[in-house]
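Note sheet for the following structure.
The values are calculated or read from the model by the stated rules, or taken from the named source; none is laboratory data. Every value quoted in this text rests on a predicted model; they were computed, and no experiment measured them. Please note: Cβ atoms are built from the backbone with ideal geometry, for glycine as well, and neighbour counts cover all protein chains shown. Ligands, DNA and RNA are stripped out before the accessible areas are found, and what is left, the full protein with its side chains, is counted by its heavy atoms. Shrake-Rupley method; radii C 1.70, N 1.55, O 1.52, S 1.80 Å.
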Amino acid sequence: MTWTLRFAALSVQISRRALLAGLCLMALLLAAALLAVQTGSYPLSSGQMAAVLQGRGTGIEQMILLDHRLPRIAAALGAGAAFGLAGAMFQTMLRNPLAAPDVIGFNAGASCGALAAVILTGGMMLAGAIAGAALAAALVLLLSWKDGLAPGRLILTGIGASLTLTAAADLLVSRIDPQTASDMVTWLTGSLHSRGWGDAARVWAGLALLAPVLWRLHFPLARLAMDDGIATGLGLPVSGLRLAVAGAGIVLTALAVTAAGPLPFVAFAAGPIARRLVPGGKPALLAAAAAGALMTLLADTAARMVPGVQLPAGVFTALTGAPVLLWLLLAHFRKGTL
Amino acid sequence: MPDTARLRAEDLSAGYAGTPVLDSLTAAIPDGGLTAIVGPYACGKSTLLRTLARLQPAGRGQAVLDGKAIHRQSSRSVARRLAILPQTPAAPEGLTVRDLVARGRTPYQSALWQWSRQDAAAVARALELTNMTGHARRPLEALSGGQRQRAWIAMALAQETGILLLDEPTTYLDLPHQIELLKLVQRLNRETGRTVAMVLHDINLAARFASHMIALKDGRVFCQGPPAEVITEAVLHSVFQLPCRIIPDPLHGTPHVIPA
Ligand SMILES: Nc1ncnc2c1ncn2[C@@H]1O[C@H](COP(=O)(O)OP(=O)(O)OP(=O)(O)O)[C@@H](O)[C@H]1O
Ligand SMILES: [Mg+2]
């Protein structure tokens, strides 16, 4: 069931299934956000929250809610959405569920780039992350490209690049002054620990700037998911589109990694979850963004709920995502498509 | 050789890295005709069709559509005049027949113009013509080979182009379905005046349905013309290395090959 909205010569299509899935995900996100605001080493009741929001809370409550929890949640949602979008875009464009930026080394490239930028300039993490992710993407795709991307070659090259770049990031951290280094080490495991409004604002501003581009790309991307011959036959500029999609995906990956570190498996799992919720062979970018945001927020909340230790959110996304990767690889093996 | 035809190959060489396939090939697809391209395996039939449709780069020479090199025209404007169905097209899982056919409207759409009334009408017409209206809601992978092939043809029809190129549309179909599909193509050609060119494996079917034939051998045109001129014992012997007799098809009068 699809609705068409018309205004003069313009027309936009909305499928009921996508709308339903979107609303469900929004409701889940809201519930997860409410849970995340209240839980933590200093639980806040709804009454306390209301008090703070009306400006009547105690100093400590005010600080916890406004300076710690809310920005952290906002950063988690933004980073998760960016991961989800990037994953779904690369997977759709390369027609390969394994081709997610976290699985094939783009996340690791982004973290290397961010660290290098910090060492060289003392800041500029986002610019460094973009450059790093772009270099990693170029490297992996060039090395594994031969008349298209065979899943096996892509996954092997990508994992190799990922391992190398992760090791390089560890090396780079050792070159940073000890004070920043400890923060960076937590960040490198994929963590939203001590994220502030600045981090949240950067990732959301990036998403807002990219939104029109993504909306514009969404339409041809669905057609690029067929083979190149079909896409060209339908009049799409295939190479230009690929470049645009890869560019947007790289910026999204860099935004997410800058905010949450190279959080594993969110980009990888969000796309397939979204496609399951919105079937019909569409890239389902909005649903992927929501799924990524939900995964990231839940993982970060879970990490904060474990008492006594500072666990990074990456532990929980890996715990849920890695089995899915294994399952997918096994499915590929069985079908003989690896 | 009508060098006024809308779609032509002029001294065209093309191929793949390290494998030249087409060798200075010159051919024209007659306007309003039903052209069958035949030839042995790997002689370059698909390469010719794909290069004519700008899916592959031309080396030397050029593919010409409406008087201009096709590779130098806007791909979107080409897609409104020429539709191609490649040999083994792939679609993402879960795509329904209607969504597939709707994608044929891509050259008329954009993010802001996603679904005009003309789009809806063209898709309905294409589904109707291919007898797929009843299957519109089914996902592609749930269809039989013949239905799937018709769905893909419906997508190409929804493009509403004057020229339609099909690469072996009858593969994987049993004889009754091959005939049904070729009759559909013939009807499209005759009733809507579309120019059709298709690669066909079965020489007898090609001879029966085509108005013009192009026989390829080793990336060159061996001969071309009406079926009666192309399907001769000498041509079959040199192109396919097939000793045979040719008799008139008792039902249609077209040349019929009986392998010796
Ligand atoms: N993607 C490719 N990369 C490299 N070589 C290719 C590619 N596709 C086809 N070839 C080679 O080009 C030659 C012509 O191929 P083409 O597909 O045009 O033949 P064909 O006449 O359509 O054969 P068939 O009847 O089997 O479909 C063959 O030798 C083939 O091996
Ligand atoms: Mg072929």
Task: Accessible area of chain B belonging to carbon and sulfur atoms, whole % at 1.4 Å probe - done: 53 percent
- [ ] Take chain A, connect every pair of alpha-carbon atoms lying under 10 Å apart with a spring to form a Gaussian network, then pick out the residue of A:ALA287, A:ALA81, A:ALA51 with the largest mean-square fluctuation.
- [x] A:ALA51
Task: Nearest 10 degrees, 0 to 90: helix A:16-38 Cα axis against chain A principal axis - done: 20 degrees
Open item on the list: Test of the criteria: in region A:69-151, which trypsin sites (Lys or Arg not before Pro) are in a DSSP loop and have at most 10 other Cβ atoms within 10 angstrom of their Cβ?
Closed with: A:LYS146
Task: Using a Förster distance of 25 Å, the FRET efficiency for B:ILE246-B:GLN87 (Cβ separation, nearest 0.05) - done: 0.35
Task: Selection from A:ALA201, A:LEU286, A:ILE60, by position along the positive dipole direction of chain A (Cβ) - done: A:LEU286
TODO: Could you tell me the total accessible area buried at the B-A interface, probe 1.4 Å, in square angstrom to the nearest hundred?
DONE: 2500 Å²
Task: Phi to ³J(HN,Hα) by Karplus 6.51 cos²θ - 1.76 cosθ + 1.60 over region A:48-61, Hz, x for Gly, Pro - done: 4, 4, 4, 4, 4, 5, 8, x, 10, x, 6, x, 5, 4
- [ ] Please list, or write none, the lysines whose alpha carbon is within less than 28 Å of the alpha carbon of B:LYS68, excluding same-chain residues fewer than 8 places away.
- [x] B:LYS45, B:LYS217
Open item on the list: Going by amide H atoms built from the backbone, whose H comes under 5 Å of the H on B:ILE37, apart from near neighbours?
Closed with: B:MET198, B:VAL199, B:LEU200, B:ILE214
Open item on the list: What FRET efficiency comes out for B:ARG125 versus A:ALA167 if R0 is 60 angstrom and r is the Cβ-Cβ distance? Round to the nearest 0.05.
Closed with: 0.50
Task: Pairs of alpha carbons in chain B whose separation is greater than 33 Å (percent) - done: 19 percent
Open item on the list: Accessible area of region A:201-317 with a 1.4 Å probe: how many percent of it is carbon plus sulfur?
Closed with: 76 percent
Task: Rounded to the nearest 20 debye, dipole of chain B from Cβ charges on Lys, Arg, Asp, Glu - done: 760 debye
Task: Candidates B:HIS201, B:HIS212, B:HIS135, ranked by Gaussian network fluctuation over chain B, Cα under 10 Å, top entry - done: B:HIS135
Open item on the list: I'd like the mean, over residues of B:75-88, of how many other protein chain beta carbons sit within 10 Å of each residue's own Cβ.
Closed with: 3
TODO: Measure out, as a whole number of angstrom, how far apart the alpha-carbon centroids of region A:241-259 and region A:98-175 sit.
DONE: 12 Å
- [ ] Have a look at B:ALA136, B:ALA42, B:ALA228 and tell me which one the Gaussian network model of chain B (Cα, springs below 10 Å) gives the largest fluctuation.
- [x] B:ALA42
- [ ] Could you work out how far apart the two model spin labels at A:VAL324 and A:VAL306 are, taking each label as a point 7 Å from the Cα in the direction of the beta carbon, and quote it in nm?
- [x] 2.0 nm
Open item on the list: If I take every Cα pair under 8 Å that is 6 or more residues apart in region A:276-338, average their sequence separation and divide by the length, what percent do I get for the relative contact order?
Closed with: 19 percent
- [ ] Show the residues, 5+ positions off or on another chain, whose built amide H is closer than 5 Å to the amide H of A:GLY281.
- [x] B:LEU95
Open item on the list: Compute the angle between helix A:197-224 and the longest alpha-carbon principal axis of chain A, please, reported from 0 to 90 degrees and rounded to the nearest 10.
Closed with: 20 degrees
Open item on the list: Can you compute the charge dipole magnitude of chain A about its Cα centre, using +1 on each Lys and Arg Cβ and -1 on each Asp and Glu Cβ, nothing else charged? Give it in debye, rounded to the nearest 20.
Closed with: 980 debye
Open item on the list: If you take each beta carbon of peptide A:2-11 and count the beta carbons of other chains within 10 angstrom, what is the mean?
Closed with: 4
Task: Mean separation of Cα contacts under 8 Å (6+ apart) over length of region A:9-168, as relative contact order % - done: 17 percent
- [ ] Check the straight Cα-Cα distances from A:LYS146 and name the lysines below 17 Å, setting aside those fewer than 8 residues away within the same chain.
- [x] none
Open item on the list: Tell me which of B:GLN56, B:THR106, B:HIS201 sits at the most positive position along the dipole axis of chain B, charges placed on C-beta atoms (Lys, Arg +1; Asp, Glu -1).
Closed with: B:THR106
Task: region B:92-159 shape via C-alpha gyration tensor axes, a/c threshold 1.5 - done: prolate
Open item on the list: Taking the Cα centroid of region B:1-68 and of region A:20-80, what is the distance between the two, rounded to the nearest whole Å?
Closed with: 64 Å
Task: Ratio of the Cα radius of gyration of chain A to 2.2 N^0.38 Å, where N counts its residues - done: 1.00
Task: Cα centre as origin, Lys/Arg/Asp/Glu Cβ charges: the protein assembly as shown dipole, Debye - done: 1000 debye
Task: Using alpha-carbon coordinates, inclination of helix A:238-260 to the longest axis of chain A, degrees - done: 10 degrees
Open item on the list: How high is the relative contact order of region A:72-335? Use alpha-carbon pairs under 8 Å, at least six apart in sequence, and give a whole percent.
Closed with: 35 percent
Task: For residues of B:89-96, the mean tally of beta carbons on other chains within 10 Å - done: 6
Open item on the list: Below 13 angstrom from the Cβ of A:VAL118, what's the summed charge of the other residues (Lys, Arg +1; Asp, Glu -1)?
Closed with: -1
TODO: May I ask you to order B:88-97, A:34-43 by the average number of other C-beta atoms within 10 Å around their residues, highest value first?
DONE: B:88-97, A:34-43
